[in-house]
1. Taking Cα centroids, how far is region 81-109 from region 360-406 in Å?
2. Using DSSP to define loop residues, name the GluC sites (Glu not before Pro) in region 90-175 whose beta-carbon has at most 13 other beta-carbon atoms within 10 Å.
3. Normalising by the residue count of the chain, find the relative contact order in percent from Cα pairs under 8 Å and 6+ residues apart.
4. With both bridge residues required to lie in the chain, what share of the DSSP beta bridges run antiparallel, to the nearest 5%?
5. Would you mind checking 400/434; 44/256; 280/334; 179/256; 394/434 for any pair whose Cα atoms are more than 19 angstrom apart?
6. Placing unit charges on C-beta atoms (Lys and Arg positive, Asp and Glu negative, everything else neutral), compute the dipole magnitude of region 311-490 about its Cα centre in debye, rounded to 20.
7. Is the shape of region 232-380 best called rounded, prolate or oblate, per the rule: a/c under 1.5 gives rounded, else a/b larger than b/c gives prolate, else oblate, with a ≥ b ≥ c the square roots of the Cα gyration tensor eigenvalues?
8. Could you tally the net charge around residue 380, taking each other residue with its Cβ under 9 Å from the Cβ of residue 380, Lys/Arg +1 and Asp/Glu -1?
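Read the figures in this text as sums done on the coordinates, not as results from a lab. None of the values given here were measured: they were computed from a predicted structure. Methodologically, a virtual Cβ is constructed for each residue, glycine included, from the backbone with ideal geometry; neighbour enumeration extends over all protein chains shown.
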Amino acid sequence: MQKIKYTLVLSLFLLLSCNSNSKVEFIILQLNDVYEIAPLEGGKVAGMARVATLRNQLLQENPNVITTLSGDFVSPSLTGTLRYQGEKIAGKQMVEVMNALGVDYVVPGNHEFDIKEDELLKRIAESNFQWTTTNVFHVVDGESEPWMQNGKAFPDHIIHTVDEVDIAFFGSTVPFNRKEYVSYTDIYETVKSVYEEIKDEAEVFVGLTHLEKYMDDSLATFFVPELDLIIGGHDHTNMIYEFGDTRMTKADANAKTVYVHRMTYDKSTRETSINSELVKIDDSIAEDPEVKAVVDKWETIANESMAKMGYSPEQDVMVTTDTLDGRESSIRYKPTNYPIMTAESFLFAAPQADLAIFNSGSIRLDDQLTGTITEYDILRSFPFGGGISLVKLKGEIIEKILDIGTVQNKGIGGYLQLANVEKRSDGWYVKNQKLNSRKTYTLALPDFVMSGGEANLEFISYYKNAAETPATFNGIKNDVRDIIMAYFRQK
């Protein structure tokens, strides 16, 4: 009888041990859309050195941590527009910080192609992390070919193995930045095609995407429903959705949050379970000394470069008790004080204008400002600078611009913020007078918008030859940064 009991206990122990050994656990640390390497909001939130600390904590929990960034990191940023050692920085600071942090895999975002071809090739060569894509190609002498890293083509998928469990990563990028040196294939079919080729080679399937939310939905719902997880980017706001059996997540831009995915694959049942946690990156997390040293290095370089441009980063511009909202989750969706004040500054510089419009996407701050506003705050808000134009247009054209810019463009960079014009129940009013479709008005607007650079507002470029773009306005350099500094100082 005793022997039977012993045999039963041993059998149970072996069964439990078998079940335990059948489960493989790993962690995916997800970032996306990171332009700033240092903490924001007065040091309260974000900061890549803090992300590094979190990563080190996760490694203590489980040595199998995979760190990913779902596109948009070499551009845009103020530091990236500056010069160092005779050339434009163009994302070099971000790659160096990502190397120090320990990023494993990235997919190109549309903003990777803001910079010049030779600059991007340098950033790729400097990367210790692996780039991957299914649908983005390098155009060389008119022919599309794979991008190269360390003499090898970007893989169309990556297999990462943990305890004999293979995890497949697929990259796909929204085709929004069409430069001469870049070509794209279909964002869905390419992932589907690669999946079909390697579906028997892996147990877990992960989409590493830089797509709009509805595109991730379509990818998971109609093309590759076998994906366990989509770690996405591009939308800049944290979200989590279930598309069929596929989970899709995005963290907040600039590492204000990250997603931590604790994943388990059961070899016996062939099932994958995911516990996804959105983690706030704030001043409750210490900064990793090694990564902070790299961040500090580039902060010093940026300050020196701005000084050479004639700016004093620490110089006060204005003191305010209001909070200036430059967060993309606000300014691209509704009238917000910071971009409205930017439009007002155009009228301050050019009082002859009847109204002004400003495209919210030109603000790249993704932050809030209060208290003492410095020149650095303005410069990092508008890293690309650019002048403004004055153009005389009929009221019917003005109305078309306003309707598209405030309704159709809601949620994107071409969402318009306004000065001296408002929408009332019976239509648009300019300087408190009903807009007259036949009357001619003088409109102040950014050169970028005047040139047709914003989506759905391309038609404005038809009137470019009639626009005036002076070098200065009453002694103020015609650059949005100088204009808003002058406006803030008089306030």
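1. Region 81-109 and region 360-406 have Cα centres separated by 26 Å.
2. Here the GluC sites (Glu not before Pro) that fit, given the DSSP loop and packing criteria, are 164.
3. Relative contact order comes out at 14 percent.
4. Given both bridge residues lie in the chain, the antiparallel proportion sits at roughly 75 percent.
5. 280/334; 179/256, as the Cα separations exceed 19 Å there.
6. On the way: 19 positive and 22 negative charges, 138 e Å.
Dipole about the Cα centre, nearest 20: 660 debye.
7. Numbers: a/c = 3.18, a/b = 1.69, b/c = 1.88.
Oblate.
8. Values: positive: 364; negative: 36, 367, 377.
That sum, taken over residues with Cβ under 9 Å, equals -2.
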